[in-house]
Amino acid sequence: MNKQDHLSKIMAALMDQDREATNAAVDEALGDGVPPMDILNEGLAAGLQELGVLFAEEEVYLPELLLAAEITTEIMKRLQSKFQADETKIKKRGTVLLATVEGDVHDIGKSLVGMIMNASGYNIIDAGKDVPNKKMIELVKEIHPDIVGLSSLLSTTMPAQQEFIEMAKEAGLRDQIKIIVGGAPVSRDWANKIGADGYAEDASGTVVEADMLLGRK
């Protein structure tokens, strides 16, 4: 079986929320030499993202999405040692503070971003969901992250991203951090409008954007 067939099998099993089949497909792929990062990005993340689209179209429901996210998290923990032992020796790239903005309790996408960025060498601090901007400012002062990632799945919570940027300016922190915004209703035009440094459409894209902002690539 070639790499793409392995990844398609992982993606299909995850989309069926079949824990046993997904784990078996991952083990089979690893046994055939498929890189762990490809399994995460092109198998698990791709499956979750596709489920997210189906969820938005009301073709699958929240419990199904949550179960798939749970399976992904479990496998991610299992793969962690593989990432650490990977011969490519991933270098630490920086610290990222992630949060879903105040008023928004969706965190599957944000959690997936954290998983993939962590696997790519970033130190991730996940502040959780429905996080007030005041709390985020306190965390920036305490942690001194290189990047702050703000997620909004609801268009009604998008203004909180803009508010954080204004608060960071008022606190004298704006020039110390790079800010990336994302979420289903968010666009690059919105990111530019509010003065964010970057925008990412999906989890894999966040790594690319972060690398670019920090001059890693």
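Couple of notes before you dig in:
- For the chain, the longest principal axis of the C-alpha atoms and the axis of helix 108-119 are separated by about 80°.
- What the chain shows is 49 Å² of accessible area per residue, with the surface traced by a 1.4 Å probe over protein heavy atoms.
- The GluC sites (Glu not before Pro) of region 36-76 meeting both criteria, a DSSP state outside H, G, I, E and B (loop) and at most 10 other C-beta atoms within 10 angstrom of the site's C-beta, are Glu57, Glu58, Glu59.
- Cα-projected label distance for Lys82 with Asp16, points at 7 Å along beta-carbon direction, nm: 2.0 nm
- Taking a ≥ b ≥ c as the square roots of the eigenvalues of the Cα gyration tensor, region 15-59 is classed as oblate, since a/c reaches at least 1.5 and a/b does not exceed b/c.
- Straightening the chain between Asp27 and Val53 buys 6.7 nm, computed as 0.36 nm per residue apart minus the Cα-Cα spacing.
- Mean residue ellipticity, 222 nm, helices only, the chain: the sum of -39500 (n - 2.57) across DSSP H runs of n ≥ 4, divided by residue count and rounded to 500, is -16500 deg cm²/dmol.
- Ordering of 116-127, 2-13 by burial proxy (mean other Cβ atoms within 10 Å per residue, highest first): 116-127, 2-13
- Rg over Rh, two decimals, region 95-213 (C-alpha only, Kirkwood Rh): 0.91
- Converting phi to 3J(HN,Hα) with the Karplus coefficients 6.51, -1.76 and 1.60 and the offset θ = phi - 60°, region 18-30 yields 9, 4, 5, 5, 5, 4, 5, 5, 5, 4, 5, 5, 4 Hz in sequence order, with x at every glycine or proline.
- Accessible-area composition of region 3-83, carbon plus sulfur, in percent [1.4 Å probe]: 53 percent
- Whole-percent carbon and sulfur share, accessible surface of region 95-213, 1.4 Å: 49 percent
- Efficiency of FRET from Cβ geometry, Glu64 and Glu166, R₀ 35 Å, rounded to 0.05: 0.40
The values are calculated or read from the model by the stated rules, or taken from the named source; none is laboratory data. Everything numeric here is computed off the predicted structure, so don't read it as measured data. Counting neighbours? That spans all protein chains shown, and the Cβs are built from the backbone with ideal geometry, glycine included. Surface accessibility is based on the protein's heavy atoms, side chains included, excluding ligands, DNA and RNA. Shrake-Rupley method; radii C 1.70, N 1.55, O 1.52, S 1.80 Å.
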